[in-house]
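What follows is calculated from the coordinates using simple rules that are stated; it is not laboratory data. What you see is a predicted model, and the numbers here were worked out from it, not measured in a lab. Please note: Cβ atoms are built from the backbone with ideal geometry, for glycine as well, and neighbour counts cover all protein chains shown.
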Amino acid sequence: MRTLHTTLQRAARWFLAVLVTVLVALLALDAAHAADQLPVQAPNAAAPYRAMLVRAAHSQWGLEAPVAALAAQVHQESAWRPTAVSRVGAQGLAQFMPSTAKWWCALQGLDAAACQPTNPTWALRAMVGYDKWLYERTPQRYSARDRMWVALRGYNGGLGHWQAEARRAANSSREAVDAACGQAKRHISHCAENLGYPARILDRLQLLYVSWGPQA
């Protein structure tokens, strides 16, 4: 019975890996198709925040900051609406949950009153800083783009989930960890959103912001 149970567990893990691999492939095809339908430039709503985002990116990432990807992330999160509030309570341009904003301020040694997700200046600085914090905790052997991919998955769904799935993956490649989505603490029903998040930002939306700065 133990042998049968082990065999069934392995079969289930294999099936999940195949399912997620197919999902990633479908997301890539969708991104390639949708890229042809994108507008040719950033929306007008982004213009008031361009200088603010570029300054924040350069101050925390340096002059080679992936500005196009960071701008695309704001586009994805809120469509550049500083008063945006999601159905689960995420707020502002960068859609910080209040608990995440409070944690980030504490990590930076800031007073809780300084946590203002609906303040565009705070939101952009915090998002850029949090992305950098996540990026620095991704595998250094990965390419810059793959490290940004992992950082974005962490921003969207929690770095701890990615790290747990990395321990379950068939190998240490970024693609293998993607294929392991749903094999640790994260439920597989959340994988479509979490894998689609970096795909949409890096494969599609950052193309709108190449005039702002480097891509990831």
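Observations
- Across the stretch 77-216, C-alpha contacts under 8 Å between residues 6 or more apart give a mean separation that, scaled by the residue count, equals a relative contact order of 14 percent.
- The ranking of Val88, Val210 by Cβ neighbour count inside 10 Å, starting from the fewest, reads Val88, Val210.
- Ranked by how many other Cβ atoms sit within 10 Å of their own Cβ, fewest first, the residues Thr100, Thr83 fall in the order Thr83, Thr100.
- Going from the residue with the fewest nearby Cβ atoms within 10 Å to the one with the most, Leu70, Leu107, Leu208 rank Leu107, Leu208, Leu70.
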